[in-house]
Amino acid sequence: MEELIKQEGLSLWASTKAFFKHSTTILVARATALTGLVTAAMGLMNWGPLLGLNFDTGLSRNQVFWIGGTVFVQGLVTELARRRTLGVPS
């Protein structure tokens, strides 16, 4: 993996794209999946007592969990679809 990241003569952006199979779509899909996973996990926790916060977003914990889960699945589907068009094995 390290050889994919640090290739001679490549800029940081070029080596990052090489790590993601030269596809910015896969990079964005993985970032989307990570965001969804973090949102779902954060939605299940009660941060009020820990941080001394008491604010209402208008969404229940269950709604935040399902929003995060949906974003996570969307990121996975996007990556799988892009890999299929690239011809890269999963």
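The values are calculated or read from the model by the stated rules, or taken from the named source; none is laboratory data. Everything numeric here is computed off the predicted structure, so don't read it as measured data. No Cβ is skipped: glycine too gets one built from the backbone with ideal geometry, and neighbour counts run over all protein chains shown.
Summary table below
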{"item": "Output for region 76-90, where each listed residue is buried (at least 16 other Cβ atoms within 10 Å of the Cβ) and at pLDDT below 90", "result": "79, 82, 83"}
{"item": "Where a residue in region 43-61 is closer than 18 Å to residue 71 by Cβ and at pLDDT 70 or above and its partner, wherever it lies, is among the aromatic types (Phe, Trp, Tyr) and in a helix (DSSP H, G or I), with Cβ under 6 Å and at least six apart", "result": "43/65; 44/65"}
{"item": "Among (1) surrounded by 14 or more Cβ atoms within 10 Å (Cβ to Cβ); (2) at pLDDT below 90; (3) not β-branched (Val, Ile, Thr) - the single one residue 68 does not satisfy", "result": "(2)"}
